[in-house]
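Some notes on the structure that comes next.
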Amino acid sequence: MKDILQRIAATKRIEVEASRRCVGLEELREMALQVAAPVRSLRESIVSREFGIIAEFKRRSPSRGEIAPMAKVDQIVMEYTRAGAAGCSILTDTPYFGGALTDLQVARTVTDIPLLRKEFIVDEYQIYQARIAGADAILLIAAILDPAQVARLADVAHGLGLEVLLELHDESELAAVATDIDLIGVNNRNLRDFSVEFAPSLTLIEKLPADSVKIAESGIRNNEDMLRLHEAGFDGFLIGEAFMSTPSPGSTLATYLNVKQ
């Protein structure tokens, strides 16, 4: 039985092929190159804060199931913005996370902070979609891409002015790290069985380039988790479920930002 991550990647390839039949790659690329809207730097937004939190909007996940199925992206993103998020991560996967590319488009209309397209990117087509929809950065996951693919897709993103958050899970993926990657994320969640453990992340961060902007992703459940990761050297934190599972995600974010070390 294929693990969850590989099933999601296979679904993405089918989705991209279906989209290509509606709008060809070259047509989409031209549309993306014509977008004149400025791109905001997620990297700079992270490093300018003591706790640079990328607050995530998502309705469900394969590990948790339904989290906030009726959540409205405009309302939550405005809450996150007012609370002081360094950026917002918008899940655009539909089958597994209940998101859509239109969520990213709506988010762009209500905030000026950097937006990350949180997606399982396997093709440059998805990067052009991201630019058109209003993203400032994209996620690349080393576990589903080889180093050459990471380099090629990062080059496409940079050609559009987008920043790249490269997600790692273990030391075997360090070969994907290049000097022109904007941010490096270490996922505390094992995407093959969706368990959470900080120990591998605390080991892996020591092997990342010293001058890289390091983001701790997934499984951060409270202020104590964030402080532990901050003390280990992480510059920013991507947090979703801990916010989205509460009545007021923005208010919960504010409690994280007001924590005292």
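Details
- Criterion applied to 100, 83 was being without any contact (Cβ under 8 Å) to a residue 12 or more places away in the chain and open to solvent by less than 50 Å² (accessible area, probe 1.4 Å), and the one residue passing it is 100.
- Options 225, 193; residue that is out of contact with any Asp or Glu (no Cβ under 6 Å at 6 or more places or on another chain), open to solvent by 40 Å² or more (accessible area, probe 1.4 Å), modelled with pLDDT under 95 and among the acidic types (Asp, Glu): 193
- Failed item in (1) over 12 Å from residue 56 (Cα atoms); (2) part of a helix (DSSP H, G or I); (3) open to solvent by less than 10 Å² (accessible area, probe 1.4 Å); (4) of a type in the set (A, V, I, L, M), with residue 106 passing the rest: (3)
- Checking residue 237 against (1) modelled with pLDDT under 90; (2) aromatic (Phe, Trp, Tyr); (3) touching a Phe, Trp or Tyr at 6+ places or on another chain (Cβ under 8 Å), the condition it does not meet: (1)
- Applying the condition of being open to solvent by less than 30 Å² (accessible area, probe 1.4 Å) and touching a residue at least 60 places away in the same chain (Cβ under 8 Å) to segment 238-253 and asking which residue is farthest from residue 52 (Cα to Cα) yields 244.
- Checked across segment 57-66, the condition of being modelled with pLDDT of 95 or more, under 19 Å from the mean Cα position of the chain (by Cα) and hydroxyl-bearing (Ser, Thr, Tyr) holds for no residue.
- Restricting segment 136-177 to residues that are more than 22 Å from residue 204 (Cβ to Cβ) and either of a type in the set (S, T, N, Q) or touching a Pro at 6+ places or on another chain (Cβ under 9 Å) (or both), the residue that is surrounded by the most Cβ atoms within 10 Å (Cβ to Cβ) is 136.
- Selection count, segment 1-54, where residues are out of contact with any Pro (no Cβ under 7 Å at 6 or more places or on another chain) and outside any loop (DSSP other than H, G, I, E, B): 33
- Apart from one condition, residue 36 fits all of (1) more than 24 Å from residue 225 (Cβ to Cβ); (2) touching a residue at least 12 places away in the same chain (Cβ under 8 Å); (3) open to solvent by 10 Å² or more (accessible area, probe 1.4 Å); the exception is (2).
The values are calculated or read from the model by the stated rules, or taken from the named source; none is laboratory data. Values in this document were obtained by computation on a predicted structure and should not be read as measured data. Heads up, the Cβs are rebuilt from the backbone with ideal geometry, glycines too, and the neighbour counts pull from every protein chain shown. What goes into the accessible areas is simple: the full protein's heavy atoms, side chains included, and nothing from ligands, DNA or RNA. Shrake-Rupley method; radii C 1.70, N 1.55, O 1.52, S 1.80 Å.
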